[in-house]
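One structure is given below, represented as structure tokens, and several questions about it will come after.
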Amino acid sequence: MIQILNSSSGNTKGDVEANYIGSLNGLNGFAIDAAGSFVNVKGNICTDFPNGIKLSTLIGSVAGNEVRGFTGIGIQILSATSNVNNNVTAVGNVLETKSTGAVHGILLSNSVSGVNVSGNIVSGKCDYYIRLLSCSKSLVVGNQIAPLAGASASGTGIFEDDTNTSGNTVKGNSVVATTAYRRSSFDYDVFFSGAAPTTGTWKRGDVVWHANPSAAAAPGWVCVTAGTPGTWKAMANLAA
């Protein structure tokens with residue numbers, strides 16, 4: 001594993017770039033716990049660790065990495081101890097879990113704030129593909145979430161916890177998951193599922209497309225009454 005630790009003095013600044021690590025004993029592939037610092041983790045390949053990349057910095061980025069074969073957390077961004085107002089980006093990463101699944105693809109936690117999670121691909125089996133556990137003023141946009149090719153949908157696509165979250169924006173993501181859960185603050189996402197939602201809070205006009213459409217069957221469902229989960233009606237059937 002690659003690990004960077006320091007105090008809140010801010011004496012760490014630089015890049016962790018273009019490394020390949022895999023099949024080693026250890027909890028995290030990359031563990032950056034540098035509270036007052038600016039660190040970029042970019043262009044790395046990490047395979048077969050329980051957790052891929054853990055980043056706790058004041059400012060920094062996790063960009064263009066491949067995290068494969070993880071069984072716990074693909075990417076975790078958590079607040080720096082000395083300052084919860086992080087400004088961190090997680091952009092353009094490719095995450096692929098083992099066939100046995102993982103707990104989280106991307107996890108925002110520990111009162112993190114101002115994180116930009118965009119353009120990532122998370123595939124395989126996860127309990128939560130992207131989870132906003134404890135964060136605020138963060139952006140989750142343009143991510144792709146899906147099982148591996150030929151596999152069945154699993155887990156929860158994007159999950160925002162009911163407590164310790166506020167002011168987040170989640171939109172424009174493509175989600176194929178067993179439960180396309182979302183909070184009512186989420187707007188304009190494209191969701192796919194094998195059935196109309198039975199959990200989560202939805203708005204009137206929300207649309208969930210069928211993950212495996214077939215001839216002479218409904219291509220998806222529309223929410224006609226807001227609620228948890230609201231009232232859903234099937235769209236008109238496709239041609240036979």
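The values are calculated or read from the model by the stated rules, or taken from the named source; none is laboratory data. Just so you know, these numbers come straight off a predicted model, no measurement behind them. Reconstructed Cβ throughout: ideal geometry from the backbone, glycine too, with neighbour counts over all protein chains shown. The area values use the complete protein model at the heavy-atom level, side chains included, leaving out ligands, DNA and RNA. Shrake-Rupley method; radii C 1.70, N 1.55, O 1.52, S 1.80 Å.
Restricting the search to the stretch 193-228, which residues are open to solvent by 30 Å² or more (accessible area, probe 1.4 Å), within 27 Å of residue 167 (Cβ to Cβ) and not polar (S, T, N, Q)?
Residues satisfying the conditions are 203, 204, 205, 207, 226.
In the stretch 40-63, how many residues are of a type outside the set (A, V, I, L, M), in contact with a strand residue (DSSP E or B) (Cβ under 6 Å, 6 or more places away or on another chain) and within 28 Å of residue 100 (Cβ to Cβ)?
Residues in the stretch 40-63 being of a type outside the set (A, V, I, L, M), in contact with a strand residue (DSSP E or B) (Cβ under 6 Å, 6 or more places away or on another chain) and within 28 Å of residue 100 (Cβ to Cβ): 9 in total.
Keeping to the stretch 195-237, report how many residues are touching a Cys at 6+ places or on another chain (Cβ under 6 Å) and within 15 Å of residue 177 (Cα to Cα).
Taking the stretch 195-237 as the starting set, the residues that turn out to be touching a Cys at 6+ places or on another chain (Cβ under 6 Å) are 202, 204, 206, 230, 232.
So of that shortlist, the ones also within 15 Å of residue 177 (Cα to Cα) come out as none.
Number satisfying all stated conditions: 0.
Mind checking which residues of the stretch 147-163 are more than 17 Å from residue 78 (Cβ to Cβ), open to solvent by 20 Å² or more (accessible area, probe 1.4 Å) and of a type in the set (A, V, I, L, M, F, W, C)?
148, 149, 151, 153
In the stretch 58-82, what residues are in contact (Cβ under 8 Å) with a residue 40 or more places away in the chain and more than 16 Å from residue 105 (Cβ to Cβ)?
Selection gives 58, 80, 81, 82.
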